[in-house]
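Each remark here refers to the structure printed beneath this line.
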Amino acid sequence: MFSDDILNKAQALISASAAAGVKIATVESCTGGLIGGCLVSIAGSSAVFERGFLTYSNEAKIDMVGVPPATIDAHGAVSRETAIAMAEGGLACAPVDMAVAVTGIAGPAGGTAEKPVGMVAISVARKGQDTICEVPIFDGDRTEIRLATVEYALDMMLKVLH
């Protein structure tokens, strides 16, 4: 399912995280566990991948990683603010050094003019650093959007590690 490019990035992330002694958690909505699945497809991932939170519903975001309901009410589930709260919640709720969070609209329906299909908020929180968040808009069908999100998230985590 994962391209060689994605798997190479996952391998690089596992290697860099192991070298830095960094443990990772994922907090996933639109990818449905694909980031975690990608990471565990790499031999040696158990040295760095601690856990994944699958927070597809708003309730899961609130219950599992402590996203404030007011954040979702004010900004929506797919927003920079919610993604940041998800990543920081993952960092707070797991014995890890870094957490990545993704929330988006994979389609084919559900998009609006303000939040089109393909829009994904991706956030990385690392202990001792400012949380980062980017909101790219990907083209393609549901699978292509989800895989593009995995690749983008891996790139962001690699940047935070360096």
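Residue by residue, region 8-22 carries 3J(HN,Hα) couplings of 5, 5, 4, 4, 4, 5, 4, 5, 5, 5, 4, 5, 8, x, 9 Hz when phi is fed to the Karplus relation 6.51 cos²θ - 1.76 cosθ + 1.60 (θ = phi - 60°); x denotes Gly or Pro. GNM on the chain, alpha-carbon springs under 10 angstrom: the most fluctuating residue among Ala25, Ala47, Ala101 is Ala47. Under 5 Å between amide hydrogens, built in the peptide plane, is the criterion, and for Val27 it picks out Phe53, Val100, Ala101, Val102 among residues at least 5 positions away or on other chains.
Note on the chain: Cα-only Rg and Dmax are 14.4, 43 Å.
Could you tell me the distance between the Cα centroids of region 65-111 and region 113-146, to the nearest Å? Result: 10 Å between the Cα centres. Residues in region 155-160 carry Karplus couplings, in order, of 4, 5, 5, 4, 4, 5 Hz; the curve used is 6.51 cos²θ - 1.76 cosθ + 1.60 with θ = phi - 60°, and Gly or Pro positions show x. Take every DSSP beta bridge whose two residues both sit in the chain; close to 50 percent of them are antiparallel. Across Gly37, Gly128, Gly76, mean-square fluctuation computed from a Gaussian network of the chain (C-alpha pairs under 10 Å connected) peaks at Gly128.
The 3J(HN,Hα) values that the Karplus relation (6.51, -1.76, 1.60; θ = phi - 60°) gives for region 85-94 are, in residue order, 5, 5, 5, 5, x, x, 5, 6, 9, 9 Hz. Gly and Pro appear as x. Modelled spin-label separation between Ala70 and Ser57, with each label point placed 7 Å from Cα along the Cα-to-Cβ direction: 2.4 nm.
Show me the ranking of peptides 49-57, 83-91, 129-137 by mean Cβ neighbours inside 10 Å, starting with the highest. Write down the numbers at each step before the final one.
Values: 49-57: 18.8, 83-91: 26.1, 129-137: 14.3.
Peptide ranking by packing, descending: 83-91, 49-57, 129-137.
Quick note: the coordinates plus some simple rules give every number you see, no bench work behind them. Quantities reported herein were computed from a predicted structural model and do not represent experimental measurements. Don't worry about glycine lacking a Cβ; one is built from the backbone with ideal geometry, like all the others, and counts go over all protein chains shown.
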